[in-house]
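The values are calculated or read from the model by the stated rules, or taken from the named source; none is laboratory data. Predicted model, so just to flag it, every value in this text is computed and none were measured. Heads up, the Cβs are rebuilt from the backbone with ideal geometry, glycines too, and the neighbour counts pull from every protein chain shown.
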Amino acid sequence: MPTQSILQIVSGFKPSVDGMGDFARRLGDTLWRRNGIRSHFLVYRTPKAAFDSQEIQPNTLSYPAEASPASAYLAISALRSDRHFDCALLHYGPYGYSSVGEPAQFVALIEELARTMPVLVFFHETYASGMPWRRAFWTHRQQRSCIERLLKIALASFTSNAKYMRRLEKMSRTGRPLIKIPIFSNIGEPDNLRPLAARRRQLVVFGQLVTRIRLYREQREALESICRKLRIEAVVDVGSGQSEHIPPSLAGISVQTTGWMDENALSQLMSDSIAGIIGYWPDVWEKSGVLAAYQAHALVPILVELEPRHIAAPAYLPYVLPDEVSHLPDENGDIADAVIQTIADASHAYYMQYQSVNRCAEAIAAAAQRPDAH
């Protein structure tokens, strides 16, 4: 029998700001449209604001009475007594189900579930580490142990980037599939994208407040050089939170701060911009939903490396570094529109082949259809 229903277990969900929840929601929509697989989302933490479940129909969702492993166990038992699920998909991160990074009790719940239902696991994060005066040092061992336990019971496991793949490959002992699927855009994948020459010469700075602050404080010279080289006429800072470190202007160009934007408005903004910049970690760039959104909207994606690269870069990276932008001008100091359009087109083509939500749904559906899944 083909898979017809999946129980997706996720830490949070819309309207909460939760990357795993947005990922699960868009994946669930695509699994239904392309594969005829319905999802029920068990959302570990109930959002503070109400959510209209009609938005995700025919998929459905529910919440445990409280965010605890015991309550989640009762909620899963009640769901399974009421309906059939062919398998479960856990969206996992060590802090998603424990605010202090101690997920052992929650993982025990998933082990119990795996005794009677096939379980797939998407490792959105792996484990934290730190110096002895930081909590991550003391929770590191438990977090590693939890990953080993999940790998042991998972029918198939997924993660987004090369660094995490290496970690999981070293810890896996089962020989079951371990599949890399880069994160897709959580704000959609527009079909009809205008060429950059038909858009505003606008630069988007998007991401968490802490990384945006680092960009402005540590990389202002690079940002201003990018604005000049790309002949930027408007800079838009997007994301929750305000800070005195967000400058009123860059290279003489006014910086507009929007705060949080809903998905449709943000997609429209990106569809009318030529470049997007993010501060990120080069070894795990594939888990950035922000970078994926730039690619999906065919912007010139620019990544500022927040730390040195520790693993070898692949032959092709679908983004450019600030230094690479500085080498784009011709002998007259100009960057031809055709040059930046070529970069945007290549990045978008790479996204559609390797990172799109359709690519992810195909991989999840194929794992759910394995003979040992039923």
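Tabulated results
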| quantity | calculated |
| --- | --- |
| Members of the stretch 291-316 that are within 17 Å of the chain's Cα centre (by Cα) and in a loop (DSSP other than H, G, I, E, B) | HIS297 |
| When residues of the stretch 198-216 are limited to those that are modelled with pLDDT of 95 or more and not in a helix (DSSP H, G or I), the one farthest from ILE340 (Cα to Cα) | PHE206 |
| Qualifying positions in the stretch 228-266 - in contact (Cβ under 8 Å) with a residue 40 or more places away in the chain and part of a loop (DSSP other than H, G, I, E, B) | LEU230, ARG231, ILE232, SER240, TRP260 |
| Among (1) under 22 Å from PRO318 (Cα atoms); (2) surrounded by 19 or more Cβ atoms within 10 Å (Cβ to Cβ); (3) modelled with pLDDT under 95 - the single one GLY239 does not satisfy | (1) |
| Flag for ILE311 being more than 21 Å from HIS297 (Cα to Cα) and in contact (Cβ under 8 Å) with a residue 60 or more places away in the chain | yes |
| Residues located in the stretch 132-186, provided they are touching a Gly at 6+ places or on another chain (Cβ under 6 Å) and closer than 30 Å to HIS297 by Cβ | ILE183, ASN186 |
| Test result for GLU189, in the same structural domain as ALA296 (by TED's automatic domain parsing), surrounded by 15 or more Cβ atoms within 10 Å (Cβ to Cβ) and either assigned to a loop (DSSP other than H, G, I, E, B) or touching a Leu at 6+ places or on another chain (Cβ under 6 Å) (or both) | no |
| Members of the stretch 154-163 found to be touching a strand residue (DSSP E or B) at 6+ places or on another chain (Cβ under 6 Å) and in a helix (DSSP H, G or I), listed by number | none |
| Residues satisfying the stated conditions in the stretch 25-58, i.e. buried (at least 18 other Cβ atoms within 10 Å of the Cβ), assigned to a loop (DSSP other than H, G, I, E, B), touching a strand residue (DSSP E or B) at 6+ places or on another chain (Cβ under 9 Å) and not hydrophobic (A, V, I, L, M, F, W, C) | TYR44 |
| Residue, modelled with the lowest pLDDT, within the stretch 318-334, restricted to residues that are crowded, with 16+ Cβ neighbours inside 10 Å and among the aliphatic types (A, V, I, L, M) | LEU328 |
